[in-house]
Amino acid sequence: MARKSVIQREKKRQKLEQKYHLIRRSSKKEISKVPSLSDKWEIHGKLESLPRNSAPIRLHRRCFSTGRPRANYRDFGLSGHILREMVHACFLPGATRSSCDHRMVPLPLCINGLFYLYIYGKGMHSIFIFFH
């Protein structure tokens, strides 16, 4: 599990990003509209005066349950090993364990635009998830 201070730092960055989101977006639009270079430098100076942690590039996606910063799946907000544990414990409806050969690559399943197949992992550790 991630340290509490790291998780709190990430939450602080999320709050700052939400606070300065509109200012940052409007000044970036202004830069693209202004023709003179000197005006662009002034607007760029305003962007630089904003806190560094308010930039969206500094945000890092973390696992919802453990706070792990790597191997996260956006669909679930969980890291890979927690996702696998939850599938094995039958906590995710529609997810099944794979038992196919690792050389076989299953094709995405789409029947009348209703079902899709997501594959996480390789070989015997794959997880198939069907969405309706």
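Here's the yes/no breakdown for (1) exposed (fewer than 14 other Cβ atoms within 10 Å of the Cβ); (2) closer than 30 Å to ILE82 by Cβ:
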| residue | (1), (2) |
| --- | --- |
| LYS28 | yes, no |
| SER32 | yes, no |
| PRO35 | yes, no |
| LEU47 | no, no |
| LEU50 | no, no |
| SER54 | no, yes |
| CYS63 | no, yes |
| THR66 | no, yes |
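Among the conditions (1) outside any loop (DSSP other than H, G, I, E, B); (2) within 25 Å of the chain's Cα centre (by Cα), the only one that ILE31 does not satisfy is (2). From the set of residues in segment 67-87 that are out of contact with any His (no Cβ under 7 Å at 6 or more places or on another chain) and part of a loop (DSSP other than H, G, I, E, B), which is farthest from VAL6 (Cα to Cα)? Among those that are out of contact with any His (no Cβ under 7 Å at 6 or more places or on another chain) and part of a loop (DSSP other than H, G, I, E, B), it is ASP75. Does GLN8 satisfy the condition of being touching a residue at least 24 places away in the same chain (Cβ under 8 Å), out of contact with any Asp or Glu (no Cβ under 6 Å at 6 or more places or on another chain) and polar (S, T, N, Q)? It is false that GLN8 is touching a residue at least 24 places away in the same chain (Cβ under 8 Å), out of contact with any Asp or Glu (no Cβ under 6 Å at 6 or more places or on another chain) and polar (S, T, N, Q).
Every number here is computed from the coordinates shown, using simple stated rules; none is lab data. All values reported here derive from a predicted model rather than from experimental measurement. Note that each Cβ is placed from the backbone with ideal geometry, even for glycine, and that neighbours are counted across all protein chains shown.
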